[in-house]
Number of protein chains: 2
Amino acid sequence: MRAILHVCTTCRGPVPDPVEPRPGAMLHAALAGAALPEGVELRPVECLSACSQGCSIALSAPGKWSYVYGRLSAADAADILTGTAAYAAAADGLVPWRERPTIFRRQSLARIPPLGPQQE
Amino acid sequence: MRAILHVCTTCRGPVPDPVEPRPGAMLHAALAGAALPEGVELRPVECLSACSQGCSIALSAPGKWSYVYGRLSAADAADILTGTAAYAAAADGLVPWRERPTIFRRQSLARIPPLGPQQE
């Protein structure tokens, strides 16, 4: 496993009270129906605590920085998979800026350093 | 190690162009000068990619959910340590809502599930 792509299935998106299925569930369905990059596991999750910035996804993997992105929709599925492939291929999860899709450059909500000894 | 408390030392806080030291560095200094909860390691980090929501911190630990909080300042150091102690004591990192300090209830930017097999 080189990366986990977590997708919030309860995200409401920019609409306060969307009809079912929720935008987050639709984003998950779009990703589940696509060809995942090698080594990537797609996981649904109920709430990434970024509700004001939904739809949201998170990328994590052992030994890598984790990332959370927001303000997404099912229309972003292809770009999400492109960015996820680059993340999965990066040893530490740090993808050069120019190789990130625009949504990953502009819609980062947060990143978290990897576990393990502190890097100097 | 039961939890890592990451503090963004480059966070500018709500001011576009603050004087040095930056608010993030001041928050880190306040935490570094306090008694850390048992099993908690304080780590400075340059940028948690939550720049519009600084000052920001992140909590992570093996096998636990990770959390990112924002809109903090050095004045929140005591509450941050209270919340960090509760996080460190929770096996999965999930602290009951009523036991979280107000800043952790209201200023969550995101959370990320733990690594490991998917939970049903």
Accessible area per residue in Å² at 1.4 Å probe, computed on the range B:36-112 | 43
In the range A:23-63, accessible area falls by at least 40 Å² from chain alone to full assembly (1.4 Å probe) for A:ARG43, A:LEU48, A:SER49
So for A:THR102, B:THR9, what's the accessible-area order with a 1.4 Å probe, most first?
-> A:THR102, B:THR9
Could you give me the percent of Cα pairs per 5 Å distance bin for the range A:38-98, shortest bin first, beginning at zero and ending with the bin that holds the maximum distance?
-> 4, 16, 28, 27, 18, 7, 0
Report, to the nearest whole %, how much of the accessible area of the range A:3-112 belongs to carbon and sulfur atoms, 1.4 Å probe, protein only.
-> 55
Convex hull per residue volume in Å³, alpha carbons only, for chain A = 101
Taking Cα atoms, how many degrees apart are the long axis of helix A:23-32 and the longest axis of chain A, rounded to 10 and kept between 0 and 90?
-> 60
Could you run the numbers on buried accessible area between B and A, total for both chains, 1.4 angstrom probe, in Å² to the nearest 100?
-> 2200
Other-copy label distances relative to A:ARG12, 7 angstrom Cα-Cβ extension, nm | 3.1
At B:ALA78, with labels set 7 Å past Cα in the Cβ direction, how many nm apart are the copies from this one, shortest first?
-> 5.5
Extending each Cα 7 Å along its Cβ direction at A:ASP79 and A:ALA32, get the distance between those two points in nm, one decimal.
-> 2.4
C-alpha center-to-center spacing [the range A:2-30, the range B:64-111] in angstrom | 25
Give the nm distances, rounded to one decimal, from A:ALA89 to the matching residue in every other copy, measuring between label points 7 Å along Cα toward the beta carbon; shortest first.
-> 4.7
Calculated from DSSP helices alone, with each H run of at least 4 adding -39500 (n - 2.57) and the total divided by the residues of chain B, [θ]222 nm to the nearest 500 comes to -6500 deg cm²/dmol
Chain A: relative contact order in percent, alpha carbon pairs under 8 Å with at least 6 residues between = 29
Degrees between helix B:77-89 axis and first principal axis of chain B (Cα, 0 to 90, nearest 10) | 20
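The values are calculated or read from the model by the stated rules, or taken from the named source; none is laboratory data. From a predicted model like this one, the values you see are computed outputs, not experimental measurements. Positions of Cβ are backbone-derived with ideal geometry, glycine not excepted, and every protein chain shown enters the neighbour counts. Keep in mind that these areas ignore ligands, DNA and RNA; they rest on the heavy atoms of the full protein, side chains included. Shrake-Rupley method; radii C 1.70, N 1.55, O 1.52, S 1.80 Å.
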